[in-house]
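S.K.: Have a look at the structure that comes next, please.
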Amino acid sequence: MRAALQALTDELRRLKTAGIRSVAVEEASLVALRRSLAAGPVAPPKSQIVPEPRRATVRPAAVPVRPPVAAAESLPEVPVVALPPGEKATRWDALRTLVTNDAVCRSNVRPGKKVVLGVGSLDARIMFVGDAPGAEEELQGEPFVGPAGQLLTKMIQAMGLQRGEVYIGNIMNWRPHMSIASGSEQVGNPPPSEAEMRYCLPYLQAQIEVVNPDLLVALGTTAAQGLLGFGSFKALGEVRGKWRDFGGKPLMVTYHPSYILRNQSNRSKRMIWEDLLQVMAKVDLPISDRQRAFFLDK
């Protein structure tokens, strides 16, 4: 129960960081939570308590906790990325070698998991940028392959494109850590720290350099903060749907696909879709009347 409550707390903290101020919860879930909290051990009446014989005190062994090898507060200087000249594929392969052999990246990847680098067309005109890999992503070594990634794929298809025609990446190359007991599996995805994102950012910039897209799309608050700067805005609504600049590239900020997974209303879907319509117009993609009407209330 304690682990479940900790995971719930971490997720609510992440949502708050993302600017989410309310979360819909089914009544049945609330009832189950109240029952679990109420079903603790009941102390017997004092008259029934029998003193136990005096015995030696035995302290339980501490549960070992596995922290990341390179803790966020002790990260070294950000890497300087120098790619060789040549074709895009050659330069991207060199970049992948750099990232997968980076000592800090490798030390922060859990046993059996993978360093994550972007995927997609090296000639893409549109590049989507998230914040960090999740459980599915670190397992496959590819960004946006979980539920949020599947929804992103549908959003890209609604734009008239295929996933392989765009480039999809994250600022982070590893999944941010939570303190967990050794041998346990992490539940939940805490947002990366500013130090972690600063360390990985040069690798994202190198991907942008190789792909050279026409524009970037930042998905969610944390990704937007990583690109625009921490403290550059308080709530995503301040920058969402407005063109910004990152490294000389037009940058559109919108909600993370996970926002739609939590908010299934047409209004929520329409907000993201309006941002994507601006992206389509920017790169001169054809927009049909049907596409313009997506998610409008009937």
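The values are calculated or read from the model by the stated rules, or taken from the named source; none is laboratory data. Not measured: the values here are computed from a predicted model. Backbone-built Cβ (ideal geometry, glycine too); neighbour counts: all protein chains shown.
S.K.: Would you confirm whether any residue within the range 213-221 is in a loop (DSSP other than H, G, I, E, B), β-branched (Val, Ile, Thr) and at pLDDT 95 or above?
M.R.: no
S.K.: While we're on this one: Restricting the first residue to the range 153-169 and requiring it to be at positive phi, which pairs with a second residue that is surrounded by fewer than 20 Cβ atoms within 10 Å (Cβ to Cβ) and assigned to a loop (DSSP other than H, G, I, E, B) meet a Cβ separation below 7 Å and a spacing of at least six or different chains?
M.R.: GLY160/LEU285; GLY160/PRO286
S.K.: Within the range 58-69, is there a residue that is modelled with pLDDT under 95, in contact with a helix residue (DSSP H, G or I) (Cβ under 8 Å, 6 or more places away or on another chain) and within 16 Å of GLU196 (Cα to Cα)?
M.R.: Looking for residues that are modelled with pLDDT under 95, in contact with a helix residue (DSSP H, G or I) (Cβ under 8 Å, 6 or more places away or on another chain) and within 16 Å of GLU196 (Cα to Cα), one finds at least one in the range 58-69, hence yes.
S.K.: Just one of (1) within 21 Å of LEU204 (Cα to Cα); (2) more than 24 Å from the chain's Cα centre (by Cα); (3) of a type outside the set (Gly, Ala, Ser) trips up HIS256, so point out which.
M.R.: The single condition HIS256 does not satisfy is (2).
S.K.: Something else about it: Among the residues of the range 189-196, is there at least one that is touching a strand residue (DSSP E or B) at 6+ places or on another chain (Cβ under 7 Å) and within 17 Å of VAL116 (Cα to Cα)? Before the answer, list the steps.
M.R.: Applying the first criterion (touching a strand residue (DSSP E or B) at 6+ places or on another chain (Cβ under 7 Å)) to the range 189-196 yields none.
No, the range 189-196 contains no residue that is touching a strand residue (DSSP E or B) at 6+ places or on another chain (Cβ under 7 Å) and within 17 Å of VAL116 (Cα to Cα).
S.K.: Considering only the range 210-230, state which residues are in contact with a helix residue (DSSP H, G or I) (Cβ under 8 Å, 6 or more places away or on another chain) and either more than 23 Å from GLN278 (Cβ to Cβ) or of a type in the set (A, V, I, L, M, F, W, C) (or both).
M.R.: Once the filter is applied, which keeps residues that are in contact with a helix residue (DSSP H, G or I) (Cβ under 8 Å, 6 or more places away or on another chain) and either more than 23 Å from GLN278 (Cβ to Cβ) or of a type in the set (A, V, I, L, M, F, W, C) (or both), the range 210-230 yields VAL210, VAL211, LEU215, LEU216, VAL217, ALA218, LEU219, ALA224, PHE230.
S.K.: Pairs under 7 Å by beta carbon, first residue more than 12 Å from LYS88 (Cβ to Cβ) and of a type in the set (Phe, Trp, Tyr) in the range 200-211, partner at pLDDT 95 or above and part of a helix (DSSP H, G or I), six or more apart or different chains?
M.R.: Qualifying pairs under 7 Å: TYR203/VAL99.
S.K.: Something else about it: If we keep just the residues of the range 162-183 that are modelled with pLDDT of 95 or more and in a loop (DSSP other than H, G, I, E, B), which is farthest from LEU276 (Cα to Cα)? Walk me through how you get there before you give the answer.
M.R.: First, the residues of the range 162-183 that are modelled with pLDDT of 95 or more: 162-174.
From what is left, the residues that are in a loop (DSSP other than H, G, I, E, B) are 162, 166, 171-174.
Details: GLN162: 14, VAL166: 13, ILE171: 20, MET172: 23, ASN173: 25, TRP174: 27 Å.
Filtering the range 162-183 for residues that are modelled with pLDDT of 95 or more and in a loop (DSSP other than H, G, I, E, B), the one farthest from LEU276 (Cα to Cα) comes out as TRP174.
S.K.: Sticking with this structure for a sec: With the requirement that a residue be touching a residue at least 12 places away in the same chain (Cβ under 8 Å), over 19 Å from ILE156 (Cβ atoms) and in a helix (DSSP H, G or I), what does the range 226-271 give you?
M.R.: Listed by number, the residues that qualify are GLY226, LEU227, LEU228, LEU236, GLY237, ARG262, ASN266, ARG267.
S.K.: From GLU165, GLU194, grab the single residue that is of a type in the set (D, E, K, R), within 25 Å of ALA103 (Cβ to Cβ) and over 12 Å from the mean Cα position of the chain (by Cα).
M.R.: On the way: GLU165 fails: within 25 Å of ALA103 (Cβ to Cβ).
From the options GLU165, GLU194, the qualifying one is GLU194.
S.K.: Moving on. Of all the residues that make up the range 78-114, how many are at negative phi and either touching a residue at least 40 places away in the same chain (Cβ under 8 Å) or in a loop (DSSP other than H, G, I, E, B) (or both)? Let's see the steps before the verdict.
M.R.: Applying the first criterion (at negative phi) to the range 78-114 yields 78-85, 87-111, 113-114.
This time we only want the ones that are either touching a residue at least 40 places away in the same chain (Cβ under 8 Å) or in a loop (DSSP other than H, G, I, E, B) (or both), so: 78-85, 87-88, 91-92, 95, 98-99, 101-102, 104-105, 108-111, 113-114.
Residues meeting the conditions: 25.
S.K.: Out of the range 141-161, which residues are assigned to a loop (DSSP other than H, G, I, E, B) and farther than 14 Å from LYS269 by Cα?
M.R.: Passing the criteria: GLY141, GLU142, PRO143, PHE144, VAL145, GLY146, GLY160, LEU161.
S.K.: Next question. Identify the residue in the range 70-100 that is within 20 Å of GLU137 (Cβ to Cβ) and modelled with pLDDT under 95 and, among all such residues, is surrounded by the fewest Cβ atoms within 10 Å (Cβ to Cβ).
M.R.: So the residue we want is ALA72.
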